[in-house]
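Scroll down for the structure; my scribbles are underneath it.
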Amino acid sequence: MTTKYLKKKINELTQGTSSNSAKLDTEISESLHPNHFTVCKVVRHGFPFEPTAMAYDPVQNILAIGTKNGSLRIFGQPGVDCHERHDSDVAIIQIMFLINEGALVTVCADNSLNMWNLRQKRPAILHSLKFNKEIITYCHIPFQSKWFYIGTERGNIHIANIETFTLSGYVINWNKAIELSRKTLPGPVIHLSDCPTDQNKLLIGFESGTAVIWDLRTKAAENRFNGAQPIRSISWHFEGRQFMCSHTDGSLSCWDIKSPSKPISVTYPHGKVAVKGGKPVDPCAPIMKVEWKSAKLGEPYVIFSGGLCQEKGGTGTPCVTIIQGKNTTVLEMEYPVIDFVSLCETPWPTENQDPHAILVLLNNDLVVIDLMSPGYPCFENPYPMDLHESPVTCVQYFADCPADLIPVLYSAGSNSSRKKTSYSKKNWPIKGGQWGTGGSSDQEIIITGHADGSLKFWDASQVTLQVLYKLKTAKVFERGKQHKSLDGDEEPYAVQKITMCPDSRILLVAGASGHLLLYRFSKLEASCEITSLEISIVYEVEDPDTPETELPPMPTPNSLKRNTSTLSAESTAGLSNNVPPPAAPPSPNPSTGAHKPSTSSGEGMRDGVPNLKVKSGLQKYTMGYQPDLCCQLLWTEGEPPPLVTCLQINSFYGLIAFGTVNGLVIVDYIQKTCLLHMGTPNLYGSADPYQRTPRSPKKPKVPQSLGDIVEQLTDSERSRQATGAVAAAEQPNGICVSPTGNNSKKMKSVTDGKLTRSKSQTSSRRVTKTQSNPCDTGANGDRDKDSADASGVGGIFSGLLSQSRSTFSLFGSQDRSESSFTQSRSSSMSSLDRESKEGVQSLYFVESYARKTDPITSPCLWVGTTLGSTLVIVLSLPPPGDQRISQPVFVSPSGTVLCMKGTILNIAFLNSNGGLISASTEAWKDMNYEQKEGEREKKKPSMPPRVPRISPSASTEMADRQFAVITSEKESKVISLPSQTCAYRAKIAESSYVVKADVISMPNKELCLACYIANGHVVIYSLPSLRLLLDYDFVPLTDLRVGRTFQFSAHGKALYQCSPTEIQRLTVCAEHSNSLHDMLGDLFIPCTTPEAPSRGFFKNLFSVSSGSLDRQELFGENSGKPSRSIAKHVPGTAGMEAVKAQSQTVGGEIARTKLELIKRGEKLSETEKRTSEMMQNAESFASAANELMKKQKNKKWYQL
């Protein structure tokens, strides 16, 4: 005992230590090392969440958007997308480009300014300037200036150098800018800009309504303009003689710089004014921003956001208004307007701008308006910014798809989508940047599930996402106003789980109403009916002892809300010692023996009905995914259907399995039959490791129904039935749980005290409601003739229902969308509660050894539960072809139970060489085509050959030939099969828990175990030895959305939903990380700046300009030293990032340098050659000139 105990402790303390009890044929070599792994973010897709600022570079044609959490997204042409983030989660309040210089400045809410270098593929901060005493409100960078202006909340203006990011001694104080007679502060600075024609004049706008033109040379205010309303924005006319202000009352005021006493005009563009020059009758929304842009042909544009009339207490409809001459166009927006920018061809403010488009940043969208087309249509957005068109509820990632899958999905999406003629026919105006030279050869697909029941298929093979196909699952069901999801939300069709078999193109979708849909892909249109299976998971419960008193009627639940417990009537009664359990329901009519599901109306308890109703009759479906089967879980005595926690499909077997928070369901989708549906405790049988006993002894009660008779079985009868169940489980062919096919006999089953008869199913595609009751309660053995008829069906699970002694309630205390990975970690949950609340969390179809004594492999379903148990169910399949359609499928428990700590998250299998044993799949075939051609009866399903089942010889009888890799929230084990001994073990999380785990392949085909832990670490283990290869602190689980959507995929790729509108892709492969630099696009492309407009004679004559301004002389060292307490300079990390980026491609850089040197040498030699030729020509010309001079020197005038 001491030796075994020491070995056990050593294995627990040592990771990757092999157990001596596992006998391996050969030692498996592992080629993965720690230097093969790293964690690197690849690209972020979607719309920037909670945007706050926007800027545009008119020369480079790139767009920058800042967000509330400090993220910076930079967009160029489609395919050029970059995401960076500040060190702290602070909002970006303003973005300014250094036009055509490859840099931008962000102003953050923590009073910091950050200079970003865009000349590298991964932009990084060059400099930072942190203000200490004042709050930054507005900044301005003049075009081609090395100095920029910083306005503060106190009304002061500071000046800083762009190159050094240091302050100048030149300061404009608020008390010098305003009139001396004014006794109040002017308010924060909300605008700063140079006069377009005179750089010496700086226009300062204060929030209180005052505007000042400041003379930089004289350091004095030239003119002051006092408005009646607070100012929101100011815009110059390109001639520099007038400017326009927008105000909080919805008005626009126009001022002449020579007449500061009163404005030229005050207009209310959307206000109804009773008296000319007066205020509008109804209040108007503030005009948040205005731009005054000139046009070469026609009237100038006045573009502004807001200003519509609003009702009392309202905010007004978000809109953008375009005024050109007498034409006014109001463009209403779906979301609030954050900012807008007019796109012009020239960056020079002194030239006619001629805007051709307007970029409008909304709270949840980006809209680009075409000003050159009649009606101002919008451009079709090529970026995947409609990712959140409906809230994303589920994400699935396939990084290694068949080569023909993406083209067929794109073809189906192109045929189903209608052509939208309302978009502009011009090219997308944001066309800057350049695509990367490298790329991935993998065929990658991302599937997103949404709250409205829709699915979107995205091509993720390149840097950008491209939508391929959209599927609406809500079309399967009838619409109803009363429909709600199980947690009380108004989204009954919300997608919760997605899985797909890429080879057979079969799609499985689980929804929020306890429904599950199976889709097949077809290239033809089809009209068909949908087969519907209604399934309930009910099992026997023994209630605690309560006084025999009458139970008062239970109140009818109004609606189900989040974070509320959902208990059955028996469970609610069991919580009190003063009320007994409810009386058993009356027995059904013995003559019929059928269970009639109740149809609940809007009032009363719902029982035996689904949450949604499938459309009946023939339905027409276009090319693409067409529904083939719908499985719906039923309400049970007022309790909603349980939440679906996991899905698994096997196209080779023709089976699907899905787990819930309280049970397991196996469905044969070829014969459209339910094979198994029972509670998780019933799956154990006599091998249940948990003592599921009531808290107090049970008093005998008078049997009122057949269910009560089942409860009063003696212990000897139960043990005999359990022994019989185990013996039956050892039968080689297994036992059929539910008859299938047209030739199957009808059977009777005992379910919750009701005798029901299961309906036989047909393989035709028709809507058939099937009350699928659990077929595991054949407890009376041969006492009854009807039970004897069903003994071949229910014998294997006889006694299992009576062994379950505790109720199972839904996880109502958890958020339903998050409970899939948080339900098993409640420290306050008692052992009895934990044992009663056991659900299925992971499933895996595989050809494996189900028992220790199995000499050959057989089709199995491995089931992982929330209590750390792994169960094995044996599947007996008929031969492929016609027999598969007509003969039933048998399922039976194997009796194997493997226990671990924490919820089972992943199950995978390795062969004796360490290779992954993946589930066999069937090649795709178009069922509609076969039906159309009449070949369905002639052709047999093309199935790959199964793994040979060869009995081992004497020399290999005790050798193990498979490894099961089982990972839970706390640990991972490699189980050697068929001996079921633990070969390797690793503790993954001590104080935290694993959120996501998966066995993935790397580019060299080697396998590893990848885990994402709640503390933010990504860990990688080798297989099968479970050596730790990587432990990287990545993203902590502060948002449950990250844990719910984190997905590992092939070749070391992964993704997660980082915000409600964005998806982040990453890689754990060092090879992909090194090639990422070439895959990403370039943001900055060197190009010449457009020449400054030429000024004619009359413009120079009548110009208001007083000559060029030497800002270096004004703001440089001659201005004095700034106060050190105002701001602090912080050096950035862009230099290190640049060195890192260069080091990643050092070979390419050296090659380019050598090539440039060779070219330069050739040019120098060519230049030298030309220089020598020019010298020779010059010498010959000089000698010829000298000779000519001598010849003409002695000639007389008459000889000339």
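The values are calculated or read from the model by the stated rules, or taken from the named source; none is laboratory data. In this text the structure is predicted, and so the values were computed from the model without any measurement. Neighbour counts run over all protein chains shown; Cβ positions are idealised from the backbone, glycine included. Only protein heavy atoms, including side chains, enter the accessible area calculation; ligands, DNA and RNA are left aside. Shrake-Rupley method; radii C 1.70, N 1.55, O 1.52, S 1.80 Å.
Of all residues in segment 903-913 being outside any strand (DSSP E or B) and either open to solvent by 20 Å² or more (accessible area, probe 1.4 Å) or modelled with pLDDT under 90 (or both), which is farthest from Arg851 (Cα to Cα)? Checking each candidate, the answer is Asn913. Here Thr218 meets the list (1) surrounded by fewer than 19 Cβ atoms within 10 Å (Cβ to Cβ); (2) over 22 Å from Pro142 (Cα atoms); (3) of a type outside the set (Lys, Arg) almost entirely, failing just condition (2).
Applying a threshold of 7 Å to beta carbon distances and a minimum spacing of six or more residues, or different chains, the list of pairs starting in segment 1174-1200 at a residue that is open to solvent by 100 Å² or more (accessible area, probe 1.4 Å) and ending at one that is modelled with pLDDT under 85 and outside any loop (DSSP other than H, G, I, E, B) is empty.
Results for (1) modelled with pLDDT of 90 or more; (2) over 23 Å from the mean Cα position of the chain (by Cα); (3) more than 22 Å from Met1079 (Cβ to Cβ), shown as yes or no for each residue.
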residue	(1), (2), (3)
Tyr383	yes, no, no
Thr393	yes, no, yes
Tyr397	yes, no, no
Ile406	yes, no, no
Thr421	no, yes, yes
Gly439	no, no, no
Ile445	yes, no, no
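Inside segment 136-152, residues that are at pLDDT below 95 and within 15 Å of Trp174 (Cα to Cα) make up a count of 0. Considering segment 460-474, and only residues there that are surrounded by 22 or more Cβ atoms within 10 Å (Cβ to Cβ) and not polar (S, T, N, Q), the residue that is farthest from Ile62 (Cα to Cα) turns out to be Leu471. Set side by side, the residues Val1018, Val974, Val999 differ, and just one is in a strand (DSSP E or B) and open to solvent by 10 Å² or more (accessible area, probe 1.4 Å), which is Val999.
Would you pick out the residues in segment 221-251 that are among the aromatic types (Phe, Trp, Tyr), open to solvent by less than 10 Å² (accessible area, probe 1.4 Å) and touching a residue at least 40 places away in the same chain (Cβ under 8 Å)?
The answer is Phe243, and nothing else.
Applying a threshold of 7 Å to beta carbon distances and a minimum spacing of six or more residues, or different chains, the list of pairs starting in segment 652-665 at a residue that is closer than 15 Å to Asn682 by Cβ and in contact (Cβ under 8 Å) with a residue 40 or more places away in the chain and ending at one that is in a strand (DSSP E or B) and of a type in the set (Asp, Glu) is empty. None of Ser485, Ser513, Ser536 is of a type in the set (Ser, Thr, Tyr), modelled with pLDDT under 85 and within 18 Å of Pro640 (Cα to Cα) except Ser485.
For segment 433-458, a tally of residues being over 24 Å from Ala510 (Cβ atoms), touching a residue at least 12 places away in the same chain (Cβ under 8 Å) and surrounded by fewer than 23 Cβ atoms within 10 Å (Cβ to Cβ) returns 9. The single condition among (1) modelled with pLDDT of 90 or more; (2) open to solvent by 20 Å² or more (accessible area, probe 1.4 Å) that Leu203 does not meet is (2).
Leu1037 passes every criterion in (1) surrounded by 23 or more Cβ atoms within 10 Å (Cβ to Cβ); (2) at pLDDT below 95 apart from (1). Evaluating Asp57 against the criteria (1) among the acidic types (Asp, Glu); (2) at pLDDT 95 or above; (3) open to solvent by 20 Å² or more (accessible area, probe 1.4 Å) leaves one unmet condition, (3).
To keep it simple, each residue is scored yes or no on (1) in contact with a Leu (Cβ under 9 Å, 6 or more places away or on another chain); (2) of a type in the set (Gly, Ala, Ser); (3) closer than 22 Å to Glu163 by Cα.
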site: Ala64; (1), (2), (3): yes, yes, yes
site: Lys68; (1), (2), (3): no, no, no
site: Ile92; (1), (2), (3): yes, no, yes
site: Leu98; (1), (2), (3): yes, no, yes
site: Leu104; (1), (2), (3): yes, no, yes
site: Lys130; (1), (2), (3): yes, no, yes
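Cβ-Cβ contacts under 6 Å between residues 6 or more apart (or on different chains), taken from a first residue in segment 905-922 that is within 15 Å of Glu27 (Cβ to Cβ) to a second residue that is in a loop (DSSP other than H, G, I, E, B) and among the aliphatic types (A, V, I, L, M), are listed as Asn911/Ile917; Gly914/Ile28.
Could you identify the single residue in Ser1119, Ser1125, Ser1105, Ser1094 that is closer than 25 Å to Pro347 by Cα, of a type in the set (Ser, Thr, Tyr) and either open to solvent by less than 80 Å² (accessible area, probe 1.4 Å) or modelled with pLDDT of 85 or more (or both)?
Values: Ser1119 fails: closer than 25 Å to Pro347 by Cα; Ser1125 fails: closer than 25 Å to Pro347 by Cα; Ser1094 fails: either open to solvent by less than 80 Å² (accessible area, probe 1.4 Å) or modelled with pLDDT of 85 or more (or both).
So the residue among Ser1119, Ser1125, Ser1105, Ser1094 that is closer than 25 Å to Pro347 by Cα, of a type in the set (Ser, Thr, Tyr) and either open to solvent by less than 80 Å² (accessible area, probe 1.4 Å) or modelled with pLDDT of 85 or more (or both) is Ser1105.
Tell me which strands (runs of 3 or more DSSP E) are completely within segment 252-328 and hold 2 or more residues being touching an Asp or Glu at 6+ places or on another chain (Cβ under 9 Å) and surrounded by 17 or more Cβ atoms within 10 Å (Cβ to Cβ), or say none if there are none.
287-293, 301-306, 319-324
When Glu847 is tested against (1) of a type in the set (Asp, Glu); (2) modelled with pLDDT under 90; (3) in a strand (DSSP E or B), only condition (2) is not met. For segment 160-196, filtering for residues that are part of a strand (DSSP E or B) and touching a His at 6+ places or on another chain (Cβ under 9 Å) leaves 9. Scanning segment 456-482 for residues that are at pLDDT 90 or above, in contact with a helix residue (DSSP H, G or I) (Cβ under 8 Å, 6 or more places away or on another chain) and of a type in the set (A, V, I, L, M, F, W, C) gives Phe457, Val467, Leu468.
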